[in-house]
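**Q** Take this structure first; my questions come after.
All of the numbers you see were taken from the coordinates with simple rules; none came from a lab. Computed from a prediction, not measured in an experiment: that's the story for all the values here. In this analysis, Cβ positions are derived from the backbone assuming ideal geometry, glycine residues included, and neighbour counts consider all displayed protein chains.
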Amino acid sequence: MPQTEFEISTRGQGLYEFTHDVTRWISELSAHGGQGLLTLFVRHTSCSLLIQENADPEVQSDLRAFFHRLVPPTTDPSMQYLTHTYEGPDDMPAHIKAAMMPVSLTIPVRQGAMVLGTWQGIYLFEHRNAPHIRCVSAHFSA
């Protein structure tokens, strides 16, 4: 059962597509038309994984704006009830966002390719302001 890690460098809050990296790895594993199940798991508590539209970048900016409005930084007066603030005003909101969104994805693989929709891509959704290197563990089972 093959496993690997994907490292995703972020530059702050936003969605970072890594579909092509996963596609390349799956195609190397499935050179003979394999099928099975791919599991992706992000090993951090302040970012998430999403399958989302990859054609129109406005979808990504709208998602980021929506979650910023839903869970603003701790400097916003509406967030004064939060007590975990010593790692910066974006930290606890990042944990809340990660608790609301998936940290793992399961994707079927058929004939050596992920079964994704036409406009679907795999994204790491970074919830922190500072750049990070995020690790996503991948497991393929045939």
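**Q** I need the shape label for the stretch 72-122. Rule: rounded when a/c is under 1.5, else prolate if a/b > b/c, else oblate, with a, b, c from the alpha carbon gyration tensor.
**A** prolate
**Q** Further question: In whole angstrom, how far apart do the alpha carbon centroids of the stretch 98-122 and the stretch 2-54 sit?
**A** 8
**Q** Counting Lys and Arg as +1 and Asp and Glu as -1, what is the net charge of the other residues whose Cβ lies under 13 Å from the Cβ of Gly112?
**A** Details: positive: Arg24, Arg110; negative: Glu28.
Around Gly112, the surrounding residues sum to +1.
**Q** Give a residue-ordered list of calculated ³J(HN,Hα) values for the stretch 57-71 (Karplus: 6.51 cos²θ - 1.76 cosθ + 1.60, θ = phi - 60°; whole Hz; x for Gly, Pro).
**A** So the J values, rounded to whole Hz, are x, 5, 4, 5, 5, 5, 4, 4, 5, 4, 5, 5, 5, 5, 10.
**Q** When the C-alpha atoms of the chain are aligned to their principal axes, what extent does each axis show, in angstrom, from largest down?
**A** 57, 29, 22
**Q** Set the Förster radius R0 to 35 Å, insert the Cβ-Cβ distance between Thr106 and Phe66 as r into 1/(1 + (r/R0)^6), and round the FRET efficiency to 0.05.
**A** Calculated value: 0.90.
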